[in-house]
1. Being open to solvent by less than 40 Å² (accessible area, probe 1.4 Å), within 25 Å of Asp417 (Cβ to Cβ) and among the aromatic types (Phe, Trp, Tyr) is the requirement here; does Phe378 meet it?
2. Being β-branched (Val, Ile, Thr) and within 16 Å of ligand 2 (Cβ to nearest atom) is the filter; apply it to segment 223-263 and report the residue that is surrounded by the fewest Cβ atoms within 10 Å (Cβ to Cβ).
3. Would you confirm whether any residue within segment 166-179 is closer than 24 Å to Glu427 by Cβ and touching a helix residue (DSSP H, G or I) at 6+ places or on another chain (Cβ under 6 Å)?
4. If I go through segment 162-182 residue by residue, how many of them are of a type outside the set (Asp, Glu) and more than 16 Å from ligand 1 (Cβ to nearest atom)?
5. For residues that are part of a loop (DSSP other than H, G, I, E, B), at pLDDT 95 or above and closer than 18 Å to Gly213 by Cα, tally how many sit in segment 141-193.
6. State all residues of segment 290-337 that are assigned to a helix (DSSP H, G or I), open to solvent by 60 Å² or more (accessible area, probe 1.4 Å) and closer than 30 Å to Ser111 by Cα; if no residue qualifies, say none.
7. Yes or no: Met272 within 16 Å of ligand 2 (Cβ to nearest atom) and of a type outside the set (Val, Ile, Thr)?
Amino acid sequence: MSTHSSIAQLIADQPTGTTVHVAGWVRTFRNNQFIALSDGSCQKTLQVVVDRDNLSEDVLKRITTGAAVTASGELIESQGRGQTIELKATEVEVVGDSNPEKYLLQPKKHSMEFMREVAHLRPRTNTFGAVLRIRHGVSMAIHQFFDERGFFYLHSPIITASDAEGAGETFQVTTLPLNDVPKTDDGEVDFKEDFFGKATNLTVSGQLEGELGALALSKIYTFGPTFRAENSNTTRHLAEFWMIEPEIAFADLKDDMDLAEDMLKYVVKYVMDRFPDELEFLEKRLLDEEKNKPVNKRSPMPLREKMAFILANDFQRLTYTEAIDILRNSKPNKKKKFQFPIDAWGADLQSEHERYLVEKHFKKPVILTDYPAEIKAFYMRMNDDGKTVAAMDILFPGIGEIVGGSQREERLDILLDRMKAFDIHPEEMEWFLDTRRYGSCKHAGFGLGFERLVLFVTGMQNIRDVIPFPRYPGSAEF
Ligand code: 4AD
Ligand code: MG
């Protein structure tokens, strides 16, 4: 095929008066003359004005929504409103027909639920095109952020024999025949017969391997898919999601929080700088959507204002214990409005509590630190009080927890005690413990839920709509 220009490039360069070739999909075909052509390279479509006199009736008929089309002609300043340039086409070819009766994406407003059913086609819509371009931008920004700061990208394995978070929510990986599983003498599944000679699962986190990398390269980050078989049918959970896990040697919890706050601000700024058209579109979309919601359920700020607000304000840092005091004395707690009332220290915080702190009390992002040891993972560093650990969670408006991290327990004896308390067998994790035996040092890291960050910077409402092909209970379509 002949070389063609992307619509993004044409809009950026505006080479009017020259002959250009374009290729894309028809969004609409108006008055048998104006094609709104999208090639997905940017938010805008290119208006292609067809020369009806030089096109056969047959070709005209085949220019329908969804068809793949190439066109050539002179790029001119647009006469019409809504665009600055248009293509005065002398040649138009339909290279891939659509079917106006059957094409699932008719040019009208569709519900998000319907879009999920046609996730194979939804990237062609304005909304999902914007989300996917921004999603790409967020990953580039993350790589760039860490690269600029001397972090190395470490590829942690997808298949593992450990459950880093110890929550027992793993997907098993096996080649054993499920209808004829080999058993040991005492009736247990004989994983020695399995592909890896032991029980394995899809990883829930790359952290443990990340620690191995950091205790050699000093600063690393992982960025890969993670899998959790938690049966959470919420707008914030996926069974397959992407996580970014930086890990830094010779660093403590404060360094960890500073890094996370810098990273989040860096990404938000990057998206604001690079995707003004997408953000304008998504902001308007969100405002339209919210018109149907009761006033108190609407987000208090339009999307771009909310993003600018993140950049302008320090995140509020406070301990879990301070947060419990605030929550205990809060109006919704006293009026029994929380589904899970807060009465005693030690309670795990639910998203209703997190959102109260962020959206009602502080009205900005919050970093909660020093949680009770019992409700956090085994690897977090025990504080001197003997009951809290050096953990930190970052809570975002409209999202809740977006980052979870901690300083790690670098002292071998204490780590062993903690593993015992969590019923984790040290002999299965000798490799991990070796870092504490040889050249152990203080270190810290965190995990950023990639899709939760994409949710925030797109203003989308459901995490299933910010990943191309979502996996959640009961659904692994496409
Ligand atoms: O808080 P989590 O479970 O922390 C860890 O996995 C640590 N190993 C991270 C570390 O210290 N290196 O998960 C980290 C983040 C959460 O804050 C949340 O944003 C996201 O991952 N997350 C999910 N996102 C989508 N769907 C799910 N089911 C998620 N579970 C966690
Ligand atoms: Mg967490």
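The values are calculated or read from the model by the stated rules, or taken from the named source; none is laboratory data. Everything numeric in this text was worked out from a predicted model, so none of it was measured. Here the Cβ is made from the backbone with ideal geometry for all residues, glycine too, and neighbour counts use every protein chain on show. Only protein heavy atoms, including side chains, enter the accessible area calculation; ligands, DNA and RNA are left aside. Shrake-Rupley method; radii C 1.70, N 1.55, O 1.52, S 1.80 Å.
1. yes
2. Thr234
3. No - not one qualifying residue is present in segment 166-179.
4. 10
5. Number of matching residues: 8.
6. Val295, Asn296, Lys297, Arg304, Glu305, Phe309
7. Taking the combined requirement at face value, the residue does not satisfy it.
Residues are listed down the side, and each one gets a yes or a no for (1) open to solvent by 60 Å² or more (accessible area, probe 1.4 Å); (2) over 26 Å from the mean Cα position of the chain (by Cα); (3) away from ligand 2 (no atom under 16 Å from the Cβ):
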{"site": "Thr184", "(1), (2), (3)": "no, yes, yes"}
{"site": "Glu188", "(1), (2), (3)": "yes, yes, yes"}
{"site": "Lys192", "(1), (2), (3)": "yes, yes, yes"}
{"site": "Phe196", "(1), (2), (3)": "yes, yes, yes"}
{"site": "Asn201", "(1), (2), (3)": "no, no, yes"}
{"site": "Val204", "(1), (2), (3)": "no, no, no"}
{"site": "Glu209", "(1), (2), (3)": "no, no, yes"}
{"site": "Leu215", "(1), (2), (3)": "no, yes, yes"}
{"site": "Tyr221", "(1), (2), (3)": "no, no, yes"}
